[in-house]
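Asker: One structure, pasted below without further comment.
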Amino acid sequence: MKRNMFFLVILSFLLVAGCSLATQEQAAPTKAPVQSDGGGGLSSDASAIAAERGLSPDDINAALKTYMPTGVHDDYMIFSSGGHSGQVLVIGVPSMRILKVIGVFTPEPWQGWGYGVGHEILDGGKVNGNDIHWADTHHPALSETAGEYDGEWLFINDKSMARIAVIDLRDFETKQIVKNPIAMNDHGGAFVTPNTEYIIEGGQYSAPLGGEYAPIEEYNDQYRGSVTLWKFNRDTGRIEMENSFAIELPPYWQDLCDAGKLASEGWIFCNSFNTERATGGIEKGNPPFEAGASQADTDYMHIIDLVKAEELFKAGKADVINDFSVISMQTAIDEGLLYLAPEPKSPHGVDVTPDGEFMVVSGKLDPHVTIYSIEKIKATIDAGKWETDDYGIPVLALDDVKEAQVELGLGPLHTQFDDQGYAYTSLFLDSMVARWALGGNFADKNPDEPWTLVGKTSVHYNIGHLMAAEGDTTSPDGKYLVAMNKWALDRFANVGPLLPQNFQLLDIDNEGDSMKLIYDMPLPLGEPHYAQMIKADKLSPWEIYPEVGWDSGKQEVSPNAVAPGEEKVVRDGKNVEVFMTAIRSHFTPEHVEIEQGDHVTWHITNIERAYDATHGFAIPGYDINLSLEANEHITFEFDATAPGVFSYYCTEFCSALHLEMKGYLLVKPAE
Ligand code: RUQ
Ligand code: CUA
């Protein structure tokens with residue numbers, strides 16, 4: 001409706017300018033110069049450009065909805081997984097401009113992440129003592145207060161090695177990486193509980209917990225799944241290992257998870273697939289994984305009572321694996337905190353509706369979404385009505401807990417919500433986004449309204465996740481939806497066999513079946529899975545660090561901060577300490593003379609107070625490259641292994657005399 005109105009306005013602009021698109025097509029001047037009409041209406045030149053470029057009215061509409069004049073800021077921000085890059089991408093909406101790449105699990109040279117700073121944090125992500133230089137980032141989660149994004153923290157998982165990172169949204173920098181002590185990989189993370197008490201990290205491929213060895217023949221007995229609840233402390237901004245715990249789960253491959261909210265607060269839900277417990281081994285004559293894991297008609301949703309689990313953990317009723325608390329599967333069964341419910345064929349996404357009443361599950365091999373009711377789940381549990389699986393876990397009957405099923409199309413994966421009672425589900429095989437109505441149970445809806453498909457829009461191609469504005473909170477905004485497409489095929493110029501991913505922006509600020517595709521954004525860094533879209537004005541990052549000498553790793557003034565006039569080089573045996581300041585356009589000191597074999601601790605304070613007055617600092621040959629933002633202090637260390645003359649210099653073009661912002665590190669050969 002609104003969109004049609006908008007389009008009428010555009011058309012009338014074109015008519016007022018005296019040249020409809022149709023007439024321009026016949027009389028289009030070739031290469032009309034772009035000029036302003038000076039008046040503010042759509043100039044005849046604009047119509048000529050549209051005609052010359054063959055733009056349809058829908059194209060013009062899309063351009064007008066996404067164009068940002070210089071200096072105008074986006075309404076929403078996307079925090080997207082960077083896929084294999086191991087980073088997080090920050091993208092403006094509706095312009096789809098990349099605003100930042102946050103170095104997370106992987107070194108990021110522009111921010112100096114891992115090139116002098118961040119080592120202690122990156123070391124938190126070591127696996128069995130090995131440095132890890134990449135990550136398969138999947139699902140970012142913004143911190144929430146009462147089920148709403150609060151714009152303070154961001155978490156993201158690494159599927160490949162079961163790690164979680166914490167990013168502080170005051171400076172958009174990574175502050176902590178934790179390695180899961182019991183699981184080798186994950187998938188059901190990061191998802192937060194409604195007040196960010198816990199960050200949920202569900203496992204994925206079952207293995208003996210704690211990284212033990214067991215032969216594959218002992219799969220049923222020795223291999224296990226898990227879900228980990230990481231306790232987050234908002235005051236310190238850190239995950240607390242000692243207050244975190246896991247729950248042992250059967251060796252069904254747990255997939256995505258979601259936290260209950262409002263009506264379902266205190267519960268968590270995790271899908272699974274391969275409840276067949278196929279162990280592969282086609283070379284031994286066994287069915288291959290993809291066949292073995294898809295035989296049964298149903299898999300299981302795991303329904304976990306987090307309140308009870310937390311009580312048990314606090315009461316000390318957990319076992320300890322690798323110094324980490326784990327509630328055993330048997331304890332979970334005995335204490336009534338773990339239930340299963342059948343889900344149609346190989347489910348993938350589980351998404352809780354904004355009111356928390358329902359869980360929407362998509363089976364990759366089933367054309368329906370299946371909707372479960374928390375009310376029915378609780379009633380069935382209270383009635384003690386269940387059978388059990390091979391491990392003795394209660395299995396609630398599908399018919400007892402199911403609210404509805406809606407046929408959407410092929411390959412449904414993930415679901416998001418808007419402010420009008422619609423849900424949006426990605427259809428991987430159909431390459432479409434399905435919009436469907438959430439039935440009658442919503443407050444402002446007719447109670448007789450059915451759960452039904454409303455419309456579908458094609459996307460290009462093979463959509464995985466999708467994300468709508470605040471689309472998984474208790475009050476989604478509608479307006480925009482982004483399809484995160486796995487295949488790009490013909491959408492962009494050929495850049496060789498490895499193609500970018502394709503984020504497509506959809507305008508969903510309309511009724512019925514009229515979702516409109518308004519922007520294609522190629523993403524060439526890795527395959528992002530999930531992203532979240534937050535209202536931009538909920539974020540209030542710092543413009544500069546609060547005080548001069550700020551250590552951003554600790555978010556406090558560094559005891560080593562260097563004040564102007566106190567620059568010096570201090571030697572103590574083979575240890576040399578450099579105290580340096582940076583300000584346009586010089587480093588003080590400009591000469592640092594040391595000897596081969598010295599251990600060097602180097603402190604630099606950027607004493608600039610101006611917004612955007614960033615200096616870089618690089619030492620060639622020693623893999624040092626820093627980004628020193630205004631007020632920031634950095635301390636780094638290295639061993640002067642090689643003698644020679646090394647020009648250290650500023651790597652940010654900060655001033656007219658930026659090229660002169662340099663100095664010499666003179667390393668005398670050892671005697
Ligand atoms: S999950 S689409 Cu992590 Cu679907 Cu990738
Ligand atoms: Cu400082 Cu360039």
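Asker: Give the range 647-656 a look and list any residue that's among the hydrophobic types (A, V, I, L, M, F, W, C), within 8 Å of ligand 2 (Cβ to nearest atom) and within 15 Å of Ile583 (Cβ to Cβ), or say none.
Answerer: Cys650, Cys654
Asker: Report yes if Gly112 is in the same structural domain as Gln532 (by TED's automatic domain parsing), buried (at least 22 other Cβ atoms within 10 Å of the Cβ) and either in contact with a strand residue (DSSP E or B) (Cβ under 8 Å, 6 or more places away or on another chain) or within 28 Å of Asn502 (Cα to Cα) (or both), otherwise no. It would help to see each step written out before you state the result.
Answerer: Working: in the same structural domain as Gln532 (by TED's automatic domain parsing): yes; buried (at least 22 other Cβ atoms within 10 Å of the Cβ): yes; either in contact with a strand residue (DSSP E or B) (Cβ under 8 Å, 6 or more places away or on another chain) or within 28 Å of Asn502 (Cα to Cα) (or both): yes.
Here the answer is yes, as Gly112 does meet what is asked.
Asker: Restricting the range 261-286 to residues that are closer than 19 Å to Leu337 by Cβ and surrounded by fewer than 22 Cβ atoms within 10 Å (Cβ to Cβ), which is farthest from ligand 2 (Cβ to nearest atom)?
Answerer: Result: Ala263.
Asker: Would you pick out the residues in the range 299-330 that are assigned to a helix (DSSP H, G or I) and touching an Asp or Glu at 6+ places or on another chain (Cβ under 8 Å)? Outline the logic, then answer.
Answerer: Quick first cut of the range 299-330, residues assigned to a helix (DSSP H, G or I) only: 306-314, 329-330.
Once the filter is applied, which keeps residues that are assigned to a helix (DSSP H, G or I) and touching an Asp or Glu at 6+ places or on another chain (Cβ under 8 Å), the range 299-330 yields Lys308, Leu312, Met329.
Asker: Examine the range 163-171 for a residue that is in a strand (DSSP E or B), basic (Lys, Arg) and more than 26 Å from Ser540 (Cβ to Cβ), and state whether such a residue exists.
Answerer: From the range 163-171, those in a strand (DSSP E or B) are 163-168; that's our starting set.
Next, from what is left, pick out any that are basic (Lys, Arg): 163.
Within this subset, residues satisfying the condition of being more than 26 Å from Ser540 (Cβ to Cβ) are 163.
Yes, the conditions are met somewhere in the range 163-171.
Asker: Any residue at all in the range 525-548 that is loosely packed, with under 13 Cβ neighbours inside 10 Å and either under 30 Å from Phe428 (Cα atoms) or among the hydrophobic types (A, V, I, L, M, F, W, C) (or both)?
Answerer: Among the residues of the range 525-548, not one is loosely packed, with under 13 Cβ neighbours inside 10 Å and either under 30 Å from Phe428 (Cα atoms) or among the hydrophobic types (A, V, I, L, M, F, W, C) (or both), which makes the answer no.
Asker: Let me ask something additional. Among the residues of the range 508-524, write down those that are acidic (Asp, Glu), surrounded by fewer than 20 Cβ atoms within 10 Å (Cβ to Cβ) and over 26 Å from His348 (Cα atoms).
Answerer: From the range 508-524, those acidic (Asp, Glu) are 509, 511, 513, 520; that's our starting set.
With the extra rule that they be surrounded by fewer than 20 Cβ atoms within 10 Å (Cβ to Cβ), the set shrinks to 511, 513, 520.
Across the range 508-524, the qualifying residue is only Glu511.
Asker: Could you please give the count of residues in the range 240-278 that are at pLDDT below 95 and touching a Cys at 6+ places or on another chain (Cβ under 6 Å)?
Answerer: Looking only at that region, the number is 0.
Asker: Does the range 115-128 include one or more residues that are assigned by TED's automatic domain parsing to the domain that holds Thr415, assigned to a loop (DSSP other than H, G, I, E, B) and of a type in the set (S, T, N, Q)?
Answerer: yes
Asker: Can you spot a residue in the range 388-396 that is over 27 Å from Ala146 (Cβ atoms), in contact with an Asp or Glu (Cβ under 8 Å, 6 or more places away or on another chain), in a loop (DSSP other than H, G, I, E, B) and modelled with pLDDT of 95 or more?
Answerer: Checked against the condition, which is being over 27 Å from Ala146 (Cβ atoms), in contact with an Asp or Glu (Cβ under 8 Å, 6 or more places away or on another chain), in a loop (DSSP other than H, G, I, E, B) and modelled with pLDDT of 95 or more, the range 388-396 yields no hits at all.
Asker: Which residue is nearest to ligand 1 (Cβ to nearest atom), if the candidates are limited to the range 627-649 and must be under 19 Å from Gly549 (Cβ atoms) and out of contact with any Asp or Glu (no Cβ under 9 Å at 6 or more places or on another chain)?
Answerer: Residue satisfying both the conditions and the ranking: Phe636.
Asker: Testing Ala315 on (1) more than 30 Å from Lys345 (Cβ to Cβ); (2) surrounded by 13 or more Cβ atoms within 10 Å (Cβ to Cβ); (3) out of contact with any Ser or Thr (no Cβ under 8 Å at 6 or more places or on another chain), one condition comes back false. Which one is that?
Answerer: Only one criterion is unmet by Ala315, namely (2).
Asker: Quick check, is Gly597 in contact with a Phe, Trp or Tyr (Cβ under 9 Å, 6 or more places away or on another chain), assigned to a loop (DSSP other than H, G, I, E, B), at positive phi and surrounded by fewer than 22 Cβ atoms within 10 Å (Cβ to Cβ)? Reasoning before the result, please.
Answerer: Working: in contact with a Phe, Trp or Tyr (Cβ under 9 Å, 6 or more places away or on another chain): no; assigned to a loop (DSSP other than H, G, I, E, B): yes; at positive phi: yes; surrounded by fewer than 22 Cβ atoms within 10 Å (Cβ to Cβ): yes.
No, not satisfied.
Asker: Would you mind finding the one in Ile508, Ile518, Ile544, Ile534 that is within 16 Å of ligand 2 (Cβ to nearest atom) and not assigned by TED's automatic domain parsing to the domain that holds Leu659?
Answerer: One residue alone meets the criteria, Ile544.
Asker: Those residues that are closer than 16 Å to Tyr519 by Cα and free of Cβ contacts under 8 Å to residues at least 60 places away in the same chain, I need them from the range 457-478; list them, please.
Answerer: Of everything in the range 457-478, those that are closer than 16 Å to Tyr519 by Cα and free of Cβ contacts under 8 Å to residues at least 60 places away in the same chain turn out to be Ser458, Val459, Tyr461, Ile463, Leu466.
Asker: Considering the range 112-161 alone, what residues qualify as being of a type in the set (S, T, N, Q) and within 19 Å of the chain's Cα centre (by Cα)?
Answerer: Correct list: Thr137, Ser143, Thr145, Asn157, Ser160.
Asker: Search the range 485-509 for residues being within 16 Å of ligand 1 (Cβ to nearest atom) and in contact (Cβ under 8 Å) with a residue 60 or more places away in the chain, and hand back the single one that is nearest to Lys65 (Cα to Cα).
Answerer: The extreme case among them is Phe503.
Asker: Taking into account only those residues within the range 415-457 that are of a type in the set (Gly, Ala, Ser) and surrounded by fewer than 18 Cβ atoms within 10 Å (Cβ to Cβ), which is modelled with the lowest pLDDT?
Answerer: Of everything passing the filter in the range 415-457, Ala443 is modelled with the lowest pLDDT.
Asker: Can you report the number of residues in the range 169-203 which are buried (at least 24 other Cβ atoms within 10 Å of the Cβ) and more than 21 Å from Glu240 (Cβ to Cβ)?
Answerer: Qualifying residue count, the range 169-203: 1.
Asker: Turning to a different aspect of this structure: Hey, does the range 558-578 have a residue that's more than 29 Å from Asp235 (Cβ to Cβ) and within 13 Å of ligand 2 (Cβ to nearest atom)?
Answerer: No, because not a single residue in the range 558-578 is more than 29 Å from Asp235 (Cβ to Cβ) and within 13 Å of ligand 2 (Cβ to nearest atom).
Asker: May I ask you to verify whether Pro528 is outside any strand (DSSP E or B), under 34 Å from the mean Cα position of the chain (by Cα), within 16 Å of ligand 1 (Cβ to nearest atom) and at pLDDT 95 or above? Show your work before the answer.
Answerer: Values: outside any strand (DSSP E or B): yes; under 34 Å from the mean Cα position of the chain (by Cα): yes; within 16 Å of ligand 1 (Cβ to nearest atom): yes; at pLDDT 95 or above: yes.
So Pro528 fits the description; yes.
Asker: Also, I was wondering about something else. Name the pairs: first residue in the range 306-325 and β-branched (Val, Ile, Thr), second residue assigned to a strand (DSSP E or B), Cβ to Cβ under 9 Å, at least 6 apart or on different chains?
Answerer: Correct list of pairs: Val307/Trp267; Val320/Val326; Ile321/Ala246; Ile321/Glu248.
Asker: I'm checking my understanding of the structure. Among residues of the range 621-646 that are of a type in the set (Gly, Ala, Ser) and farther than 25 Å from Val101 by Cβ, which one is nearest to ligand 2 (Cβ to nearest atom)?
Answerer: Gly621
The values are calculated or read from the model by the stated rules, or taken from the named source; none is laboratory data. Model, not experiment: these values are computed from the prediction. With ideal geometry, Cβ positions are generated from the backbone for all residues, glycine too; neighbour counts draw on all protein chains shown.
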